[in-house]
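Everything on this sheet refers to the single structure shown next.
The values are calculated or read from the model by the stated rules, or taken from the named source; none is laboratory data. All values reported here derive from a predicted model rather than from experimental measurement. Neighbour counts are summed over all protein chains in view; Cβ atoms, including those assigned to glycine, are modelled from backbone coordinates with ideal geometry. The protein model used for the area step is the full one, side chains on, heavy atoms only, and it has no ligands, DNA or RNA in it. Shrake-Rupley method; radii C 1.70, N 1.55, O 1.52, S 1.80 Å.
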Amino acid sequence: MSLDPLAIVTAFGLIFLAELPDKTMFASLAMGTRMRPLYVWFGTSTAFIVHVAIAIGAGSLIGLLPDWTVKLVSALLFAFGAFMLLRGGGDDDEEAAETKTVTGFWPVYSTAFMAVFISEWGDLTQITTANLAASNGTWSTAIGSAAALMSVSALALLAGRFIATRVPLKTVQRIGGLCMLGLAIWSVTEIFVG
């Protein structure tokens, strides 16, 4: 196994820039305002690593999945997230109880993992990773791509935590819910446009 530093830097740069404006970054930001950021990061990072492995090992598998199905499931997950954030209401005791239920490691980890795992199928970064692996080497591309995706998620979570400490929780929930609703609409729109 030989690593090419230039291939690692190339994969990192391309994937990092492609992921910055991506809906997954915004979903990470929204989850980071409501859930423990470190747990969210573990979940998103694991999903990204799985996607990089799939892109590297079986890039042709992406083409076998019906694109509209992936986008529809992604839209449903985002819509569910929006519903959970927007339903809000209640008093502070209820809010504190809700907060406790979403701070456990496994619920947060699995929510973050599934949100990213499903929404990243056939994504530009996955396709780019598969293409780079074909020309720049698998291990170098895998390392650069995974590092870029995990870095974008970390940046989004840091921004989410910063926002959560300065804005009331109900406002954060409403904004996060609206962002998730927007992502759901975006995913459905991609079925018909893309």
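Sort out which residues of the stretch 35-50 are within 12 Å of Met114 (Cα to Cα) and out of contact with any Phe, Trp or Tyr (no Cβ under 6 Å at 6 or more places or on another chain), and write them in order of number.
Of everything in the stretch 35-50, those that are within 12 Å of Met114 (Cα to Cα) and out of contact with any Phe, Trp or Tyr (no Cβ under 6 Å at 6 or more places or on another chain) turn out to be Val40, Thr44, Ser45, Phe48, Val50.
I'm trying to understand the selection: among the residues of the stretch 143-159, which are farther than 13 Å from Ser45 by Cβ and surrounded by 22 or more Cβ atoms within 10 Å (Cβ to Cβ)?
Matches in the stretch 143-159: Gly144 only.
Gly122 fails exactly one of the following numbered conditions: (1) farther than 22 Å from Asp4 by Cα; (2) at pLDDT below 80; (3) open to solvent by less than 70 Å² (accessible area, probe 1.4 Å); (4) assigned to a helix (DSSP H, G or I). What is the number of that condition?
Here Gly122 meets the rest and fails (4).
Those residues that are touching a residue at least 24 places away in the same chain (Cβ under 8 Å) and not in a helix (DSSP H, G or I), I need them from the stretch 1-50; list them, please.
Passing the criteria: Met1, Ser2, Leu3, Asp4, Leu20, Asp22, Met35, Arg36.
Restricted to the stretch 1-22, and to residues that are hydrophobic (A, V, I, L, M, F, W, C) and open to solvent by less than 50 Å² (accessible area, probe 1.4 Å), which residue is farthest from the chain's Cα centre (by Cα)?
Only one residue tops the list, namely Ala7.
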